[in-house]
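The values are calculated or read from the model by the stated rules, or taken from the named source; none is laboratory data. Owing to the predicted nature of the structure, the values given are computational and were not obtained by experimental measurement. Note that each Cβ is placed from the backbone with ideal geometry, even for glycine, and that neighbours are counted across all protein chains shown.
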Amino acid sequence: MWKNRITVLMGATMLATGGASAAALESDAPQSLEEVVVTAQRRAESVQDVPISITSLSGKAIEESGYQSVTDLQYMVPGLQYDPTQGAAFQIRGVGSESFDFSNEKSVSIVVDDVVMDGQRDNGLTGLDDIKRVDVLMGPQGTLFGKNATSGVIAITTNDPELGRFSGKVAASYGENNDKIDSARVNVPLGDQAALRMSAFYQGQDGHGEYTVLHKTLGSFEDYGTRVKLLIQPTDTIEILAAGDYAHHWDTTVRTAVSGAPAKVTAAEIALGVTPGTENVDSADGSEGGIRTDEYGGSLRVKADIGSDTLTAITALRYTTYDNDTPADLVPGNIYAYIPYNQGRLDTTKFSQEVRWASPTGQFLEYLGGAYFNVLTADQTQLQLYTAGQPLVSASGQPLTTFYSTTSPYGSGNEARFKARNRTAAAFGQIKLNLTDKASIAFGGRFSDDHNGQGLTFPTADVAAIVGYKATVIGTSKVPYQTYGSVSGQNFSYRISPQYKITDDVMVYGTYSTGYKPGGVAFVGSLYDPYKAETVESYEVGVKSELLDRRVRVNFDLFEEKFTDFQASILTTVPGAVVSQVVIGNAGGLTSKGAELNLAWRATDALTLSGSVTYTDAAFTDYVYNVTTDYTGTKLTNSPRWMTTLSAAYDQPIANDVTFHGTVSYSYRSTMFTVVGEPEYSRTPGYGLVNLRAGISTDGDALQLGVYAKNLFNTYFSTGWQQYGALGLLHYTSLDAYRTVGVYAQYSF
């Protein structure tokens, strides 16, 4: 199916570039494509001049897509994936570590308004509100960004205040299953030298599943938040931007049963209205599970022109709280219990300081240098009570008074408390030599000094306050031989990027870059288990072109990335542990290679077509776990070989001061596996999603009304599979796996 779609898209592009006569194309020729400006090299420049594979999304494109959360970017950017299991993380080109370990750093760095969002369980942004642009940079990005991201960077830029202009916008949408996105923003000038911008959003949807015993929906979510920015320009050479934000998230997206539970559990589920299976989204559990997060913080960015150069300083302070309450019984506890109490709280604090000095562009020697310092602390408590299959209440009505703690060892407290501190200090820079008006070469480097430490203690929680009566708790694991550890490391990463302009609109480039991610300290099943640093070598060659008076844009690249000591996670049985654990360790090596194609065509003044295709072959080249299990040659998890996006945007006046706006998009990904080793149960067949948005505007586009449809053809898919001990095979599902139709309205002033 995807081959047919790619053929059609390529055929359309060939028609635009060579299938019609030049004279025919020049007649009544439409306007050129809008220039895409990015800051991938910490300067504002055309994406066509940057020797890096980049997918850039405008705020308008994101708004018209209908997607709500930062994790939805995976449906708009081929090569980008998000895994909600095992700690939750992004992958680019198939590569990205997912881990519950708090000393582990992210492979894909999320940067919002120049601030690296590295808090564990924190995606850096909850709602996609008041966004100016999202740039996804493929491959290692260590030489110009604060963190040394080994797989890539998602750089999100929100709208800054505008001087001398009062403006605003209110928007609301409502659809099936109580689907809603409400937002408001206002820009207020404060004299001639300052402006204030404020925005707020609320969004949510009811889940498609049901807690059949509790008569509550399962799979619901709710987000809300606000952002405030104050811009001050006291002189023509100084700019001060202070920003603060707060966001709240809640969801009941928990695991549901597929197969393999004890026969009496399956029989009870069916009797209570739940039929286990690959499309089951219901649960007969007697307790509701959920996750709540709050993230907030502030930043101060100061820019000063010093001569012809620019000095930029960014200071940031951020906090996150993450509360999880995710019991796992499948049926009411008086029938069967497994882990009826699974509660945790994570608090993170992050401080960072970045300073950059940059020359102007366009001269023979362009340079940028900087320094970065970052401290992230995490403090988590986790209590998990296991019953060995005994019901919470016996047939005679007696409550269960003995529990087993999977989070603590024998003869110790009943919960685990992790305290981690990750510190990074780095110096980075890049010089670019413009050898001629067509040829240039850039050299970038980054020296990093990292220290990651983590400790584990076992405090005693008040079990009576949790279960409602006095009970005994017995630890189930061994006392760790070491309860604190740290890993320090230094690294120099670099990048070399020659590029050559064949014409003013056609550029070829090559990039060789290296990357590094420090080692960490893991405690798995209460066992001390440190792991080594990860490194990568990346090769990329490509061409960026604009044809037919810049009405057609074609960008293409080939890449190969070779990782050494990749930090991989796997769900496995740990000696002494009563339930499976997510283990992080080093895979000796993996390789990700493939090709990326991005197309855009301004077919008429009213119609713009665009599309992207990514082919990725990502597999372990050396991964032997625990001596006995060899994963060498297996594909990476959540890494489809093919990913495609196609879209068409149509804007056409249809009457006096009335304009029709329509957008249709298609996102496809081929078959993938979600568990290391490619077990057949984790196979997710390929699927495609179609989104539609259509409406009219009046009053110079100030007022817009319309309809939208997400997943128009109601294509179901599962997002994650997990073998969960005696409960058998469980899985997660997504709201995106169901059709949602609704209406929207917005007014700008």
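Structural remarks
- Test: residue in region 732-739 that is of a type in the set (Asp, Glu), assigned to a helix (DSSP H, G or I) and under 30 Å from GLU269 (Cβ atoms): yes
- Residues (at pLDDT below 95 and over 16 Å from PHE566 (Cα atoms)) located in region 514-539: PHE523, VAL524, GLY525, SER526, LEU527, TYR528
- Region 296-314, subset crowded, with 16+ Cβ neighbours inside 10 Å and hydroxyl-bearing (Ser, Thr, Tyr), residue nearest to GLY124 (Cα to Cα): TYR296
- Region 661-675, residues that are more than 20 Å from the chain's Cα centre (by Cα) and aliphatic (A, V, I, L, M): VAL664
- If you go through region 104-123 and pick out every residue that is touching a residue at least 60 places away in the same chain (Cβ under 8 Å) and hydrophobic (A, V, I, L, M, F, W, C), you end up with 3.
- Residues (modelled with pLDDT under 80, surrounded by fewer than 24 Cβ atoms within 10 Å (Cβ to Cβ) and either among the hydroxyl-bearing types (Ser, Thr, Tyr) or touching a Pro at 6+ places or on another chain (Cβ under 6 Å) (or both)) located in region 82-98: THR85
- Close contacts from region 697-714, counting a first residue that is touching a residue at least 60 places away in the same chain (Cβ under 8 Å) and surrounded by 14 or more Cβ atoms within 10 Å (Cβ to Cβ) and a second that is aromatic (Phe, Trp, Tyr) and part of a strand (DSSP E or B), with Cβ to Cβ under 6 Å and a gap of 6+ residues or different chains, come to TYR708/TYR744.
- If you go through region 198-251 and keep only what is among the basic types (Lys, Arg) and under 23 Å from the mean Cα position of the chain (by Cα), you end up with just ARG227.
- Among (1) within 27 Å of THR535 (Cα to Cα); (2) assigned to a loop (DSSP other than H, G, I, E, B); (3) under 10 Å from the mean Cα position of the chain (by Cα) - the single one ILE110 does not satisfy: (2)
- The one condition in (1) assigned to a helix (DSSP H, G or I); (2) buried (at least 18 other Cβ atoms within 10 Å of the Cβ); (3) β-branched (Val, Ile, Thr) that ILE270 fails to fulfil: (2)
- Sub-6 Å Cβ pairs linking a first residue in region 343-358 that is closer than 30 Å to ALA44 by Cα to a second residue that is of a type in the set (Val, Ile, Thr) and assigned to a strand (DSSP E or B), at least 6 apart or interchain, are PHE351/VAL375; GLN353/THR315; GLU354/ILE314; ARG356/THR312; ALA358/THR310, ordered by first then second residue.
- Candidate set from region 446-489 (those that are free of Cβ contacts under 8 Å to residues at least 40 places away in the same chain and within 20 Å of SER412 (Cα to Cα)); member that is surrounded by the most Cβ atoms within 10 Å (Cβ to Cβ): GLY455
- Scanning region 450-476 for residues that are under 34 Å from the mean Cα position of the chain (by Cα) and either of a type in the set (Ser, Thr, Tyr) or assigned to a loop (DSSP other than H, G, I, E, B) (or both) yields a total of 4.
- Options VAL77, VAL50, VAL38, VAL111; residue that is within 26 Å of SER493 (Cβ to Cβ), surrounded by 21 or more Cβ atoms within 10 Å (Cβ to Cβ) and touching a Gly at 6+ places or on another chain (Cβ under 8 Å): VAL111
- Test: residue in region 418-426 that is part of a strand (DSSP E or B), under 30 Å from PHE364 (Cα atoms) and either among the aromatic types (Phe, Trp, Tyr) or at pLDDT 90 or above (or both): yes
- All of THR157, THR126 fail the test of being in contact with a His (Cβ under 8 Å, 6 or more places away or on another chain), in contact (Cβ under 8 Å) with a residue 60 or more places away in the chain and either aliphatic (A, V, I, L, M) or under 25 Å from ARG301 (Cα atoms) (or both), apart from THR126.
- Looking across region 495-506, the residues that are touching a Gly at 6+ places or on another chain (Cβ under 9 Å) and surrounded by fewer than 23 Cβ atoms within 10 Å (Cβ to Cβ) come down to ILE496, SER497, PRO498, GLN499.
- Pairing residues of region 656-683 that are without any contact (Cβ under 8 Å) to a residue 24 or more places away in the chain with residues that are surrounded by fewer than 16 Cβ atoms within 10 Å (Cβ to Cβ), at Cβ distances under 8 Å and at least 6 apart in sequence or on separate chains, gives ARG683/THR671.
- Residue check, GLY611 modelled with pLDDT under 95, part of a strand (DSSP E or B), crowded, with 21+ Cβ neighbours inside 10 Å and not charged (D, E, K, R): yes
- Considering residues of region 354-369 that are loosely packed, with under 15 Cβ neighbours inside 10 Å and not in a strand (DSSP E or B) only, the residue modelled with the highest pLDDT: PHE364
- Residue count for region 388-411, restricted to those that are polar (S, T, N, Q), closer than 14 Å to VAL463 by Cα and part of a loop (DSSP other than H, G, I, E, B): 1
- Residue identified as of a type in the set (S, T, N, Q) and not in a strand (DSSP E or B) among ASN177, ASN187: ASN177
- Subset of region 642-681 that is surrounded by fewer than 21 Cβ atoms within 10 Å (Cβ to Cβ) and hydroxyl-bearing (Ser, Thr, Tyr) - its residue that is modelled with the lowest pLDDT: TYR681
- Where THR348 falls short, out of the listed (1) under 30 Å from GLU210 (Cβ atoms); (2) surrounded by 20 or more Cβ atoms within 10 Å (Cβ to Cβ); (3) of a type in the set (Val, Ile, Thr): (1)
- The set of residues in region 324-345 being of a type in the set (Gly, Ala, Ser), in a strand (DSSP E or B) and closer than 18 Å to TYR211 by Cα consists of ALA328 alone.
- None of THR349, THR315 is modelled with pLDDT of 95 or more, touching a Phe, Trp or Tyr at 6+ places or on another chain (Cβ under 6 Å) and not aromatic (Phe, Trp, Tyr) except THR349.
- Top-ranked residue of region 392-411 - restricted to ones that are touching a Gly at 6+ places or on another chain (Cβ under 6 Å) and farther than 30 Å from SER488 by Cα, ranked as surrounded by the fewest Cβ atoms within 10 Å (Cβ to Cβ): TYR410
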